[in-house]
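The values are calculated or read from the model by the stated rules, or taken from the named source; none is laboratory data. Computed from a predicted structure; not experimentally measured. Because the Cβ atoms are built from the backbone with ideal geometry, glycine has one as well, and the counts that use them run over all protein chains shown. What goes into the accessible areas is simple: the full protein's heavy atoms, side chains included, and nothing from ligands, DNA or RNA. Shrake-Rupley method; radii C 1.70, N 1.55, O 1.52, S 1.80 Å.
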Amino acid sequence: MKDSTGPQSGYATPLELHRAPPPRERADAARNRAAVLEAAARLFAEHGVAAVSMDQVAAAAGVGKGTIFRRFGDKSGLANALLDAREHALQEAILHGPPPLGPGADPPARLAAFAGAYLDYLLEHLDLVRMSETAAPGARYRIGAYHFWHQHATILLAGAPDPRYAAHALLAALAAEHVTAVLPELGEERLREGITRLARSQYPSAAS
C-alpha cells in the first residue's frame, strides 16, 4: 500500500528531485568557498546583511572580489549559499526525521509542523532569506528550495480542491518580506499562532 505521509514509495521521489545536488569542486575552490562563507557569516552576524559589502567579505576571506563574483554572482547568491546547509537540514527532517515534521503523522499534523519549522528557520535567518527572495522580481519562486517546500505542501494537501494553489497560498504567508513587515506589529507568538491556524484551516474537518 502506498503511504502518502512517508518518504517511501511515490512520496520521496518528487521531493528528492527538488533537492539541488552538491556542486563538484577542486580542492582549492572548495577552500576558497569555505573561507568566503565563513567570512560572510561572521560579518553578516556582526554588522547586518545590508551593511556588509562584497569587498569586505573578500578582504576578510583573503580572496579577490572577482573570485566571489564568479562563484556567487552577487550578495543574494552569497546569501543563498549560506542558507543552503540550513535548508538541507530542514529538508532532511521532512524526508527522514521523526513525526510530525517527518513521516508517520497525518497530513494536517505534518503541514502544521512544517509551517512551524519553516517559521523557525525563517526567523533565525530572516535578513538572509529576505535578500535571497527579493534580489530581483520573482526571485523567491526561482530558488530551488522554494520548489521543494511547495512540492512538500502540495503532497500534504492532496485532498484540497487545488493543492498547488493552496500550497502557494500557505507559503505566501511565510515570505520573508511579508514576515519582516508584520513581525513588529504582531510579534512572534501571534505570528506563529496565525501560521499554524492557516495551515490547519486547509483541512476543515481536522480544524479544532
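So which residues in the stretch 51-70 are part of a loop (DSSP other than H, G, I, E, B) and within 14 Å of Leu82 (Cβ to Cβ)? The answer is Val52, and nothing else. Among the conditions (1) closer than 25 Å to Glu188 by Cβ; (2) in contact with a His (Cβ under 9 Å, 6 or more places away or on another chain); (3) open to solvent by 30 Å² or more (accessible area, probe 1.4 Å), the only one that Gln56 does not satisfy is (1).
Of the residues making up the stretch 129-146, those that are closer than 13 Å to Glu87 by Cα and open to solvent by 20 Å² or more (accessible area, probe 1.4 Å) are Ile143, Gly144. Evaluating Thr196 against the criteria (1) touching a residue at least 24 places away in the same chain (Cβ under 8 Å); (2) open to solvent by 20 Å² or more (accessible area, probe 1.4 Å); (3) more than 14 Å from Tyr118 (Cα to Cα); (4) in a helix (DSSP H, G or I) leaves one unmet condition, (3). Annotation: Gln202 fulfils all but one of (1) assigned to a helix (DSSP H, G or I); (2) open to solvent by 40 Å² or more (accessible area, probe 1.4 Å); the unmet one is (1).
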